[in-house]
Amino acid sequence: RPKACIFDLDGVIVDTAKYHYLAWKRLAKELGFEFTEKDNERLKGVSRMASLEILLSVGGIQIDDASVKEQLADKKNTWYVEYISQMTKDEILPGVEDFLKMLKENGIKIAIGSASKNTMTILNRIGIKDIFDAIIDGTKITKAKPDPEVFLKAAQELNVRPEECCVFEDAVAGIEAAKAAGMKVIGVGDPSILKGADKVIQSFVGQGIELIEF
Ligand code: B16
Ligand code: MG
């Protein structure tokens, strides 16, 4: 059984993907094209600047000036922050809080491993920051998923070896990152998309300790 579990944030603990989508869609509209929910799938787990590149390619727009790109990404982020600053505790995904408590009762350490630079804002809004033994987010890493950096840093901060960790992820890039770190990984979502995971669950409702027994 793993000694620690590391949780992705967007799409695992909360459904912030919808707010990312609204903000990117608004930016696309301003640039003169439509951005669909299907296009948005490609942005899951991907860093902010890499997401902008994908968005621009969908719109067939080429921008070479790095500072213009920064401005566009900042604009999107300002809107995104407006949306998430209205979040409440009800937006924690079903079963998540009970699952986290169950892990702690079983002596398992828990951490957040997220690409998002807005992790602290979200955790403060939903009021579950203190339960985590470590929080590694987009402000603490230099390499985005599928690079394993975020999960390796979490293991280090928890004082456990990578092989002793199990990651929960909703994105293909995140599953690759966990595997590259040498960790077990449980996908949260659609098994046909999350093929590389050791197991896939639809939700945390009713999940017990046996879930992390491999
Ligand atoms: P930000 P995760 C990721 O979070 C999101 O899935 C991805 O859509 C987003 O672009 C990325 O964070 C960066 O977020 O713009 O807030 O820094 O899934 O790794 O928790
Ligand atoms: Mg995610």
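Taking the listed residues Asp8, Asp15, the one that is closer than 22 Å to Arg125 by Cβ, touching a strand residue (DSSP E or B) at 6+ places or on another chain (Cβ under 6 Å) and within 16 Å of ligand 2 (Cβ to nearest atom) is Asp8, with no other qualifying. Of everything in the stretch 122-137, what is within 16 Å of ligand 2 (Cβ to nearest atom) and either over 29 Å from Gly107 (Cβ atoms) or part of a helix (DSSP H, G or I) (or both)? Give them in sequence order. Correct list: Ile122, Leu123, Ile126. Of the set (1) away from ligand 2 (no atom under 16 Å from the Cβ); (2) within 18 Å of Val172 (Cβ to Cβ), all apply to Ser85 but (2).
Residue check: Leu27 meets all listed conditions (1) surrounded by fewer than 16 Cβ atoms within 10 Å (Cβ to Cβ); (2) of a type outside the set (Lys, Arg); (3) modelled with pLDDT of 95 or more but one, namely (1). Among what's in the stretch 61-71 and is part of a helix (DSSP H, G or I) and charged (D, E, K, R), pick the residue that is surrounded by the most Cβ atoms within 10 Å (Cβ to Cβ). Once the filter is applied, the top-ranked residue is Lys69. When each of Lys140, Lys145, Lys153 is tested for being buried (at least 20 other Cβ atoms within 10 Å of the Cβ), over 19 Å from Ile201 (Cβ atoms), among the charged types (D, E, K, R) and within 16 Å of ligand 1 (Cβ to nearest atom), the lone residue that passes is Lys145. Could you list, in sequence order, all residues of the stretch 26-40 that are within 25 Å of Val188 (Cα to Cα), in a helix (DSSP H, G or I) and touching a residue at least 12 places away in the same chain (Cβ under 8 Å)? Selection gives Glu37, Asp39, Asn40.
Checked against (1) over 17 Å from the mean Cα position of the chain (by Cα); (2) among the basic types (Lys, Arg); (3) under 20 Å from Ile13 (Cα atoms), Lys153 passes all but a single condition, namely (1).
Out of the residues in the stretch 156-181 meeting the condition of being more than 12 Å from ligand 2 (Cβ to nearest atom) and closer than 19 Å to Met120 by Cα, tell me which one is surrounded by the most Cβ atoms within 10 Å (Cβ to Cβ). The residue in question is Leu158. Within the stretch 88-102, count every residue that is part of a helix (DSSP H, G or I) and within 16 Å of ligand 2 (Cβ to nearest atom). Number of matching residues: 2.
Considering every residue within the stretch 103-117, establish whether at least one is of a type in the set (D, E, K, R) and not in a helix (DSSP H, G or I). Within the stretch 103-117, one or more residues are of a type in the set (D, E, K, R) and not in a helix (DSSP H, G or I).
A count restricted to the stretch 40-60 and to residues that are within 21 Å of Gly174 (Cβ to Cβ) and either surrounded by fewer than 19 Cβ atoms within 10 Å (Cβ to Cβ) or within 16 Å of ligand 2 (Cβ to nearest atom) (or both) stands at 14. The lone criterion from (1) assigned to a helix (DSSP H, G or I); (2) more than 12 Å from ligand 1 (Cβ to nearest atom); (3) of a type in the set (Asp, Glu) left unmet by Asp74 is number (2).
The values are calculated or read from the model by the stated rules, or taken from the named source; none is laboratory data. All of these numbers come straight from a predicted model, not from anything done at the bench. Here the Cβ is made from the backbone with ideal geometry for all residues, glycine too, and neighbour counts use every protein chain on show.
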